[in-house]
Structure formats: C-alpha cells, structure tokens
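Novice: My questions all concern the structure below.
The values are calculated or read from the model by the stated rules, or taken from the named source; none is laboratory data. The structure presented is a predicted model; accordingly, all values stated were derived computationally and were not measured. Ideal geometry is used to build each Cβ from the backbone, glycine not excepted, and the neighbour counts take in all protein chains shown. These accessible areas exclude ligands, DNA and RNA; they are computed on the full protein's heavy atoms, side chains included. Shrake-Rupley method; radii C 1.70, N 1.55, O 1.52, S 1.80 Å.
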Amino acid sequence: MKSVLVFFLAVFLCFEGSRLLRRARPRSAGLTGVEFLFLGILLGPEFLNVLDPATQRNLAPAGSMILGVIGLIFGFQFEIKTLRRFPPSWPFAAATGALAVVLFTGPCAFLALRSLAGLDTSSALVHAACLAALAIPSSQAGLVLAARFAPERLRETAGLLRYIASLDGAFALLLYMAALALNPAPAATARAFPEFSAILASLFMLFLLLLHQRRAREDIGLLAAGMVLFSSGAAAARGFSPLVSAFLLGAMVVNTSREKERVYQVLALLEKPMYLFLLLFLGAKWRLDSRAIIPAALAFWACRSFARLSGGWLLTRLSGLRAQPKSIGLGLMEHGGIAFAILHEYPAILPGSPATFAASAVLAALALAAAASPFLLARLFKGETA
Amino acid sequence: MKQAPHALRSHMLHLLAGLFVLASAAVALGQRPATAFAAGGRVSLSLGFLLVFAYTASQLAAGARLPKITGYLLAGALAGPFLLGFVPRPVLLSLRFMDDLAFGVIALAAGGEIHLAALRQRRRAVLLNMAFQPLLVFSAVFLAVFFLKPFFADTRALPPVKHLALSVLLGISACALSPASAIAIVSETRAKGPYTDTLMSVTVALDVVVIVLFTAAITLFKPFLSAGAFQPARILGLVFALSASSALGLGLGRLIALYMERAGHNLLVFLACFAFGTAKCAHWLAGFTAARYGLTLHLEPLLICMAAGFYVNNSAQGPRFMDALSGFSLPVYVLFFSLAGASLDLGALAQCWPLALTLAGLRVLGLAGGAGLAGALAGDPPRRRRVAWMGYVSQAGVSIGLAKIAERQFPELGGVLVTVVLAMTAVNQLAGPVLFKSALARLGEAGGKP
C-alpha cells in the first residue's frame with residue numbers, strides 16, 4: 001500500500017513541479033529541475049524515509065516505464081529527414097565532441113577503476129565505458145533559454161549547440177549499448193539477444209499496424225503507453241536496457257509512421273513530469289555515505305569539463321565551423337536527461353558496489369554541472385567574441 | 001456500401017495486430033526473471049501487453065457491434081491464468097492496486113452520471129425498481145437453490161441450516177449489479193435518456209442496499225453456523241458506516257469543487273490521486289480502528305467516490321469535472337475490465353456450470369419481472385418495459401467481494417458460495433454489456449458513435 005501511495009504522491013509532485021517550472025523558467029534560468037534530486041534525497045532513506053529501499057524495489061515497474069517513455073521520446077528526435085536539413089559539418093562537430101569526451105573520460109575511468117577500485121580488466125572496461133557514456137550527453141534545456149538572449153551573431157552557435165546536444169544522447173546510448181554487450185553475461189542472456197531482437201522488430205511492426213489507421217488522441221496515448229510498457233518490460237525482463245530498446249523503437253517509428261506528429265504530441269506532455277520523476281527516484285537512491293564520493297565526483301566533473309572544452313576547441317578547427325567561438329564547449333557543460341536515465345538504469349542492470357558507488361559519484365558531478373551551467377552559458381553568450 | 005472494404009480492412013488489420021501482440025508476448029514471457037530489475041520488467045511487460053491486446057480486442061469487438069468492454073473482458077480472460085497464462089496470478093496480484101484506482105475513478109464517474117434533476121423526475125421509477133428487482137431476483141435464486149438441492153453436486157451434501165444460509169446468501173448476492181459496467185457502456189455509447197437515468201441511479205443505489213442486506217444475513221446466520229453470537233450492533237454499525245461514507249463523500253466533493261474553482265491544475269492527476277487515496281485511506285482506517293479500539297469502521301470507498309462525483313457534477317464545476325474524467329476513461333476501462341477478465345474464474349465455471357447457468361437464467365427472469373413490473377407501475381412505455389431488464393444483467397465486484405466476506409465468516413460454506421458466485425459472475429459479466437448495449441440501441445438512447 002505504501003509503495004502505491006508514494007507513487008501517487010510522486011506523480012502529483014512531478015506534475016505540479018513541471019507546471020511550476022514552466023511558469024518560473026522564463027524568469028529564473030537557475031531552475032532546471034535538478035532541484036528534484038534534492039527533493040528525492042529528502043524523501044529517501046537518508047532523511048524522511050518515504051521512498052525507502054523496499055518501496056523503491058516495489059516501484060521498479062514504474063522505473064522501467066519511465067525509462068521507456070524517456071527512451072521513446074528521445075528516439076522520436078531522430079527523424080533522418082529533419083537531421084538532414086542541417087549543415088553537413090554539424091554531425092561531424094557532434095561526433096568530434098563526443099569522441100573527445102570518450103577518449104578522455106574512458107581511459108581515466110578505466111585506470112581509476114583498475115587501480116583504485118581493484119576491478120578486473122573486463123569489469124573495469126564495462127564500467128569505464130558506461131561512465132564515458134554518462135559523460136557524453138549534454139542538455140538542451142539551458143541552451144533554449146540562453147539562445148533567446150544571445151546576440152544575433154551567436155544565434156548560429158546556439159543552434160549548433162542544440163544540434164550537438166540532441167545528437168550527443170544517441171552517441172551515449174550507442175556506447176552504453178556496446179558497454180552492456182561487453183559485459184561478461186550469463187549464457188541465458190546471450191541466447192536471449194536474437195529473441196529480444198525479434199520481439200523489438202515485431203513490436204515495431206505492431207506499432208506501425210496500429211498507427212496505420214487514424215485514431216483519436218486518447219487511443220494514441222493508450223497505444224503509446226502500452227508499447228512503452230511492453231518494450232521496456234520485455235527488455236528489462238531479459239536483462240537488456242529498457243532505455244535503449246525504447247529509443248530504438250522510437251527512432252524506427254518516427255522514420256516510418258505517418259502518425260508520428262500526433263504520437264509525439266502525446267508523449268511531449270509526459271516528458272517533463274517523467275524527467276522530474278526520474279530525478280526524484282535518483283535522489284532517493286543517492287548514497288552519500290562514503291567520503292570517497294566527493295573526490296570521485298570532482299574528478300569526473302573535471303575530466304568531463306576538460307574533455308568538453310577541448311572537444312569544443314577541436315570542433316572549431318573543422319571546415320565550416322571556424323567562425324564559432326573557441327569556448328563553445330562551455331555551452332555543453334550541463335548533462336542531458338539521457339545521462340540521468342542511464343544513471344538510473346546502469347546500477348540496476350549491472351548490480352554491485354562499483355556501479356552503486358560510481359552512480360552516486362556521477363550524480364554529484366551532474367548536480368555540480370547543473371549548478372555551474374547557467375553561469376558558463378552566460379559567459380559564452382554574453383562575454384565571448386567570435 | 002463504400003465503407004464495407006474499409007471496415008473489412010480495419011478488421012483484418014486489428015486481427016493481424018492481435019496475432020502480433022500474442023506472438024510477441026509468447027516469446028517475451030518465455031523466460032523466468034533472474035533479478036529484481038527483471039521481475040519489475042515482467043510486471044511492466046504484462047501490463048503493456050494487456051493494454052495493447054485489450055485495445056486491439058475492443059476494436060475487433062466494436063467491429064462486430066459488441067461493446068468494447070466485452071473485448072477488454074475477453075482479452076483479459078484469454079491472457080489470464082486460466083487460459084494462456086500470459087498474465088500469471090502473481091502479476092495479477094501485483095496489479096491489484098490498478099483495481100483500486102480504476103474502481104475509484106469509475107465510482108466518481110458513476111456518481112457524476114446521477115443528475116439531481118433527472119433523479120427527481122425519475123424518483124418513482126427508481127424506487128419501484130429498487131423494491132421489485134431485489135425482491136424477485138432474491139426469490140427466484142433463493143427458491144431454486146433451496147428446492148433444487150438434490151439435483152446439484154455442490155449442494156447435495158450440505159446440512160439443512162448451511163443449505164438455508166447458502167440459499168439466502170446466494171439470493172442476496174444475485175441482486176448485486178455492476179455500476180462499473182453500466183458507466184462504461186453509457187460512456188462508450190454516450191447514452192442519454194430516461195432509461196439511462198433510471199438505470200444509473202438504480203445500479204448505484206441497489207449495490208448499497210445489497211451490502212446492508214448481506215451483512216444483516218451474515219449477522220443473522222453467524223450463531224447457527226459458527227461459534228459467534230448474534231450481534232445486531234453490526235448492522236447498526238454498517239448503517240452508520242454507509243451514512244458516514246455518503247456524508248464524507250459529499251464533503252470531499254465540496255473540496256474537489258473548491259480545488260477546481262481555486263486551482264484546478266493537473267486535474268486528471270489530482271482526481272486519480274483522490275480516487276486511489278480514498279480507497280487506501282478507507283482500508284487503513286478499518287485496520288486502525290480495529291487494532292486500536294477493537295471495532296471496525298469500514299467506510300465504503302465506492303460510496304465515498306460516488307457521493308463526491310455526484311456533488312461535483314451537480315455543482316458549477318460539473319461539465320469540467322466530467323470532461324476531465326472522460327479524458328481518463330479509456331485507460332481506466334481498458335485496465336479495469338481486462339484485469340477483471342483475467343480474474344474471471346473460468347475454473348469455477350467449469351466446475352459448477354450447471355448450477356451457475358441455472359441461477360444466471362433465474363436471475364435474468366427475476367430482473368425481467370422486477371424491471372417490467374416497476375416500469376408498468378411507473379407508467380413507462382411498453383417498449384421500454386420489455387427491454388428494461390437487459391441493462392441490469394452485468395454483475396461484478398460487489399457480489400464477489402460479498403461472497404469472499406462470507407467465505408471468511410463461514411469457511412465451511414464459503415467454498416461452494418464463492419465458486420458459484422464466481423461462475424455466475426463470469427456468465428453475467430460476459431453477457432451483460434452486450435445486452436445493455438442492445439437495449440440502449442433499441443430504445444434509441446445510444447447517442448454517440450459506438
């Protein structure tokens with residue numbers, strides 16, 4: 001009973017929070033929703049114990065549904081027709097930035113996990129790849145607001161940053177998928193891969209079949225909810241990532257269905273509350289009992305910031321982007337929602353103390369980046385000259 | 001004529017989709033979850049499967065001019081533990097909370113369907129139906145169980161007092177109706193008219209009467225069937241709890257109206273939280289008063305939500321309130337009825353179908369007699385009198401709930417009672433919506449597109 005009451009309390013808080021944020025955001029750029037992390041800590045076992053570990057376990061189905069919704073919404077951003085409208089140099093810019101982050105954070109994380117945490121090579125490789133995937137995504141939310149106040153000459157920079165931020169999530173998910181594939185899995189999971197691919201393909205066909213006819217908005221909402229639960233549940237039940245499977249489903253549907261706009265309109269209503277829900281859950285799971293978390297978080301933040309800045313500088317060397325400010329990386333400092341989603345899923349798929357510790361440290365780094373981001377964006381858009 | 005190929009294509013498409021979803025579920029559910037994360041995934045998977053499959057089945061049912069809830073029920077029954085087993089019993093139990101939520105929302109909508117002006121206008125018909133229907137249904141079922149004792153294996157071996165108690169309890173539980181099915185059909189067909197108004201009021205009020213009668217019967221039989229003593233205070237306690245539930249519901253309805261007037265944000269989420277919170281708080285209060293003071297104050301969440309819905313809909317906020325609820329109705333109905341279908345005890349039906357079918361048939365005769373007589377005395381036109389009974393056949397939660405209470409009170413009797421009630425409910429729940437929709441169509445009260 002407690003789990004369900006807490007679930008409804010969380011739902012109400014998230015919908016109200018989403019409404020309040022929508023109202024407050026134009027006036028206060030500092031409000032990003034990350035405040036819900038701290039609300040999660042308050043409701044979690046560390047303080048009020050409303051979201052206690054048993055309740056969190058009971059709400060696991062809600063967790064995989066949230067991941068599914070976030071993955072599906074994210075997949076809907078990858079319409080090839082829309083992505084092709086942008087200058088050809090932009091995908092290279094996004095790939096360069098992501099590569100810089102992976103090349104710098106991945107080896108650092110691997111060395112730290114091998115030498116400080118004492119993990120064996122294969123485990124350290126899997127966790128390092130997951131940490132690198134967590135470092136890639138950047139947020140669009142702050143950029144949207146900053147772009148409104150950007151001077152005319154930096155409008156294109158704001159557009160490029162938003163493009164990079166939306167593509168970053170896909171790079172992160174691909175690396176995360178590869179990391180999970182590297183995991184020395186039990187034989188059953190390896191056997192399950194072709195079966196799961198068949199399920200995903202048949203769900204895609206099913207979604208297309210059901211969206212072939214024009215349907216009422218309520219019907220589309222129901223079908224989208226059903227497909228999210230079905231695909232994310234099927235993935236979780238087989239030890240795969242609900243986030244990645246829903247992302248793939250979304251990306252396939254947006255490129256093939258005529259009803260994509262109407263599906264997206266329904267999903268978009270849930271985007272912010274689901275994100276806040278995720279932050280609430282992450283906050284409740286956040287473990288701050290180890291002293292090593294703070295230095296680990298600072299190290300992760302420093303590594304990622306350096307990688308983002310140097311990646312930003314590197315992309316301004318690409319042809320067609322030489323006019324962009326050299327400090328463009330400052331605009332990519334805040335982590336995107338996909339990072340939070342991976343953070344929620346990663347310790348559940350790879351249970352054990354390294355993942356729990358790493359997730360808590362990365363969460364602290366994400367909160368730090370969210371707090372610093374408005375100032376860095378202001379510096380980029382108000383203080384920089386091209 | 002031009003629509004025929006389109007309709008055929010639509011049926012084929014939904015049939016294909018149904019097969020796809022079944023095949024996907026068959027593969028997806030084939031492996032036992034290894035971790036807590038995987039077990040949580042299994043629940044999501046079953047829920048998602050049920051949503052998509054029940055929706056597809058409802059589209060096929062609508063194509064065959066059957067009510068959509070028949071599609072939800074059949075899909076649930078097919079996916080449930082008795083047939084394909086895609087939604088196994090533990091998953092069904094973990095989704096129980098959805099019942100509380102859906103039941104609360106349906107009760108809010110059912111209360112909202114009772115319009116004060118229409119109620120005043122149809123008061124005579126409502127009261128006559130409430131008098132004759134239970135009288136004739138109870139008599140038919142009671143007499144059948146009592147006098148046909150030697151013909152059925154389930155009743156043959158019972159001693160006389162137990163047999164009398166079984167006859168009375170089965171007779172009373174046969175009088176229970178299904179406000180949830182009624183509201184779902186009214187909402188699907190957008191029905192409006194004197195028949196719909198009467199039926200909604202009778203369906204809601206009769207369930208309250210049945211609860212009182214059933215508790216009175218249990219209290220009466222307790223000294224004869226078990227070691228307990230006759231406790232007339234139990235009946236008074238129940239009447240108090242029901243009155244308190246109605247009063248509390250009206251008060252909470254005032255608060256909902258106030259919230260809508262002053263704030264009104266995220267109304268859907270607010271109403272869902274209200275519906276669910278009411279059910280849970282009522283259960284908690286019953287446990288708390290029993291543990292702390294040794295007496296059970298069991299407020300009836302269904303009645304609280306109905307009274308709240310009734311208040312809000314008859315206030316200035318009525319149209320907005322009903323709009324918000326209708327935006328929520330599709331997922332609620334799909335979940336509630338598909339879970340109800342999955343819970344239908346087909347095993348019980350297989351076990352005692354001769355008795356269940358006999359009683360279901362006699363119940364229909366009682367309903368037809370009661371509704372026809374009430375209609376004649378209320379001055380309803382003959383056409384309405386002939387089909388009036390068809391809307392009252394559905395039966396669900398209340399009768400099963402009452403049988404389970406009796407099972408706890410009289411374990412030596414409960415087995416037979418619950419099995420027969422479950423089997424009878426399975427028959428009535430599958431046939432009821434089809435009959436009600438047909439009655440609305442015949443009387444011309446089905447307003448919207450089916």
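Novice: Taking the condition open to solvent by 20 Å² or more (accessible area, probe 1.4 Å) and over 30 Å from A:L59 (Cβ atoms), does B:L128 pass?
Specialist: So B:L128 passes the test.
Novice: As an exercise: evaluate A:E345 against (1) open to solvent by less than 20 Å² (accessible area, probe 1.4 Å); (2) within 14 Å of chain B (Cβ to nearest Cβ); (3) over 15 Å from the mean Cα position of the chain (by Cα) and give the number of the one condition it does not meet.
Specialist: Condition (3) is where A:E345 drops out.
Novice: Which pairs have Cβ atoms under 8 Å, sit 6 or more apart or on different chains, and link a residue in the stretch B:147-172 that is modelled with pLDDT of 75 or more and open to solvent by 20 Å² or more (accessible area, probe 1.4 Å) to one that is of a type in the set (A, V, I, L, M) and part of a helix (DSSP H, G or I)?
Specialist: Going by the 8 Å Cβ cut-off, the qualifying pairs are B:V161/B:L225; B:K162/B:L225; B:K162/B:L413; B:V168/B:A217.
Novice: So, one more: Of the numbered conditions (1) at the interface with chain B (Cβ under 9 Å from one of its Cβ atoms); (2) touching a residue at least 60 places away in the same chain (Cβ under 8 Å); (3) open to solvent by 40 Å² or more (accessible area, probe 1.4 Å); (4) of a type outside the set (F, W, Y), A:H212 fails exactly one; give the number of that condition.
Specialist: (2)
Novice: Can you run down the residue pairs with Cβ atoms below 6 Å, 6 or more apart or on separate chains, where the first is in the stretch B:35-57 and within 7 Å of another protein chain (Cβ to nearest Cβ) and the partner is among the basic types (K, R)?
Specialist: So the pair list comes out as B:A36/A:R57.
Novice: Here is a check on your reading of the model: is A:L39 assigned to a helix (DSSP H, G or I), within 14 Å of chain B (Cβ to nearest Cβ) and either modelled with pLDDT under 75 or open to solvent by less than 60 Å² (accessible area, probe 1.4 Å) (or both)?
Specialist: no
Novice: Right, something else. Do you know which residues across the stretch B:260-285 are touching a helix residue (DSSP H, G or I) at 6+ places or on another chain (Cβ under 9 Å) and more than 12 Å from every other protein chain (Cβ to nearest Cβ)?
Specialist: Within the stretch B:260-285, B:M260 is the sole residue that qualifies.
Novice: Answer yes if at least one residue in the stretch A:164-173 is open to solvent by 40 Å² or more (accessible area, probe 1.4 Å) and more than 17 Å from A:G75 (Cα to Cα), and no otherwise.
Specialist: Looking for residues that are open to solvent by 40 Å² or more (accessible area, probe 1.4 Å) and more than 17 Å from A:G75 (Cα to Cα), one finds none in the stretch A:164-173, hence no.
Novice: Quick one: is B:S338 surrounded by 23 or more Cβ atoms within 10 Å (Cβ to Cβ), within 14 Å of chain A (Cβ to nearest Cβ) and under 26 Å from B:P81 (Cα atoms)?
Specialist: The answer is yes for B:S338.
Novice: Related question: Identify all residues within the stretch A:215-236 that are in contact (Cβ under 8 Å) with a residue 40 or more places away in the chain and more than 8 Å from every other protein chain (Cβ to nearest Cβ); write none if there are none.
Specialist: Once the filter is applied, which keeps residues that are in contact (Cβ under 8 Å) with a residue 40 or more places away in the chain and more than 8 Å from every other protein chain (Cβ to nearest Cβ), the stretch A:215-236 yields A:R215, A:R217, A:I220, A:A224.
Novice: Consider A:G239 carefully, then state whether it is within 14 Å of chain B (Cβ to nearest Cβ) and buried (at least 23 other Cβ atoms within 10 Å of the Cβ).
Specialist: The answer is yes for A:G239.
Novice: Follow-up question, since we're still on this one. Condition (residue is more than 11 Å from chain A (Cβ to nearest Cβ), farther than 28 Å from A:L206 by Cβ and surrounded by fewer than 21 Cβ atoms within 10 Å (Cβ to Cβ)) applied to the stretch B:98-111: is it met by at least one residue?
Specialist: There is no residue in the stretch B:98-111 that is more than 11 Å from chain A (Cβ to nearest Cβ), farther than 28 Å from A:L206 by Cβ and surrounded by fewer than 21 Cβ atoms within 10 Å (Cβ to Cβ).
Novice: Sticking with this structure for a sec: Can you name the condition, by its number, that B:Y333 falls short on among (1) open to solvent by less than 30 Å² (accessible area, probe 1.4 Å); (2) in contact with a Leu (Cβ under 8 Å, 6 or more places away or on another chain); (3) within 14 Å of chain A (Cβ to nearest Cβ)?
Specialist: So the condition that B:Y333 fails would be (2).
Novice: When you scan the stretch B:92-105, do you find a residue that is among the acidic types (D, E) and in contact with a Leu (Cβ under 7 Å, 6 or more places away or on another chain), even just one?
Specialist: Scanning the stretch B:92-105 turns up at least one residue that is among the acidic types (D, E) and in contact with a Leu (Cβ under 7 Å, 6 or more places away or on another chain).
Novice: Would you point out which residue out of A:I349, A:I293 is at pLDDT below 85 and closer than 26 Å to A:S122 by Cβ?
Specialist: Criteria check complete, one pass: A:I349.
Novice: Anything in the stretch A:294-327 that is under 21 Å from the mean Cα position of the chain (by Cα) and either open to solvent by less than 60 Å² (accessible area, probe 1.4 Å) or polar (S, T, N, Q) (or both)? List them, or say none.
Specialist: Within the stretch A:294-327, A:A296, A:A297, A:A299, A:F300, A:A302, A:C303, A:R304, A:S305, A:A307, A:R308, A:G311, A:G312 qualify.
Novice: Kindly evaluate A:S197 against the criterion of being within 14 Å of B:F20 (Cα to Cα), of a type in the set (G, A, S) and more than 7 Å from every other protein chain (Cβ to nearest Cβ).
Specialist: No: the conditions fail for A:S197.
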